[in-house]
Amino acid sequence: MKNRVALVGLLLFLTACSPSPAIDSLVSNEDLMAEIENAAQSENPNSGMIPLALDLGSLTEKKLISKASASKIRSLTNCKNLSGIEIGFLRGEVTHINISPSNCEYGE
């Protein structure tokens, strides 16, 4: 029983030490944010309105975000799967960024 308690404690400690997905570094990178906004606008060229929410994985798959930028985004956010990052837009501006940690665990 003591071994199980010690093992659970160790696993909790290791989980707490692993990097969790974060958006602060992404939001502060103006070049990447500009590329994301341009990609979202390119996603819907026939309309002046941009879709309300897009995931970065779909923009990367459509090659609207470069591979180099996708790699930077992965390293800045600690999110391997860019489909785990959802960007919300209103009138062409980013209004919110949501990261789903459970979706970030699986690499693209």
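Nothing in this text is a laboratory measurement; each read-out follows from the coordinates by a stated rule. Values in this document were obtained by computation on a predicted structure and should not be read as measured data. With ideal geometry, Cβ positions are generated from the backbone for all residues, glycine too; neighbour counts draw on all protein chains shown.
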Quarter of Cα convex hull surface for the range 57-108, i.e. mean projection, nm²: 3.5 nm²
Globularity index of the range 20-104, i.e. its alpha-carbon radius of gyration over 2.2 N^0.38 Å: 0.98
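Rounded to the nearest 0.05, what FRET efficiency is calculated for Glu43 and Ser102 with R0 set to 35 Å and r the Cβ-Cβ distance? Don't jump to the answer; show the numbers that get you there.
On the way: r = 25 Å, r/R0 = 0.71.
For R0 = 35 Å, the calculated efficiency reads 0.90.
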Extension gain from Ser28 to Ser58, taking 0.36 nm per residue of separation minus the Cα-Cα distance: 8.6 nm
